[in-house]
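Worksheet for the structure shown next.
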Ligand SMILES: [Zn+2]
């Protein structure tokens with residue numbers, strides 16, 4: 001196995017990835033919307049797996065109440081008053097310096113969503129609200145770029161891989177965008193770390209299948 005692949009040898013040995021799949025993963029470009037609890041776990045998984053390019057967008061700063069579940073951050077990030085995207089980028093580059101990581105401290109809205117989608121193969125949802133998820137959904141339909149929905153609250157969560165015009169999309173599943181305050185959030189109902197990690201693991205699994213060229217293995221529900 002050549003030196004570049006050696007780092008990923010354990011997943012290259014895995015039958016359904018192999019050398020060909022790993023080379024695809026290393027050339028893949030992913031947009032990660034949100035770098036809180038789900039986003040941290042997603043970014044960690046994709047970075048360790050060797051996804052070639054990661055664009056991370058988040059508007060928030062690291063706070064003490066994040067550390068219970070947001071695995072990329074620590075007390076030093078709070079002391080330095082770092083935005084999550086910046087703290088995540090710093091940590092992720094220490095984990096894997098061979099991939100390209102672009103970090104943006106920004107609110108995702110209708111003015112920048114299509115720009116954020118530029119040049120990526122896949123979009124991962126690490127958001128905490130439905131307004132942004134519907135923006136992601138509509139941009140995915142417009143650009144035909146697949147995205148992987150993920151959501152978590154309390155001790156449970158949901159995830160689904162959405163392939164535009166192939167699977168149901170978020171608007172097929174939820175007809176009306178719930179207004180702000182209409183649904184419970186982690187700020188009102190709480191959230192436990194294990195629930196986040198389960199949902200993020202399922203999202204990363206679907207992402208690796210897709211990026212390794214095995215979209216046939218991804219559940220369509
Ligand atoms: Zn739809």
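Values quoted throughout were computed directly from the atomic coordinates according to the rules given, and no laboratory measurement underlies them. For clarity, every value in this text was computed on a predicted model and none was experimentally measured. Cβ atoms come from the backbone with ideal geometry, glycine included; neighbour counts cover every protein chain shown.
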Problem - Compactness of the range 125-173 as Cα Rg over 2.2 N^0.38 Å, two decimals - result: 1.10
Fill in the blank from the handout: Given 4 °C, 1.567 mPa s and a Kirkwood radius over Cα pairs, the Stokes-Einstein diffusion coefficient of the range 107-221 in µm²/s is 88
Practice task
Estimate the FRET efficiency between residue 65 and residue 118 by the formula 1/(1 + (r/R0)^6), using the beta-carbon distance for r and 30 Å for R0, to the nearest 0.05.
Solution key: 0.35
Exercise for the section: Highest first, please rank the peptides 34-45, 52-63, 170-181 by the mean number of other Cβ atoms sitting within 10 Å of their residues. Expected result: 34-45, 52-63, 170-181
Handout entry: Rg and Dmax of the range 3-217, Cα atoms only, in Å
Key = 16.5, 52
Practice task
Please quote Rg/Rh for the range 142-207 to two decimal places, taking the Kirkwood radius as Rh and restricting both calculations to Cα atoms.
Solution key: 1.01
Exercise for the section: Sort the following peptides by mean Cβ neighbour count (other Cβ atoms within 10 Å, averaged over residues), highest first: 159-165, 200-206. Expected result: 200-206, 159-165
Exercise for the section: Grab the DSSP H runs of the chain that are 4 residues or longer, score each as -39,500 (n - 2.57), total them, divide by all residues and round the 222 nm result to the nearest 500 deg cm²/dmol. Expected result: -11500 deg cm²/dmol
Practice task
Provide the gained length on full extension for the span residue 173 to residue 19, in nm with one decimal, where the gain is 0.36 nm per separating residue minus the Cα-Cα distance.
Solution key: 51.8 nm
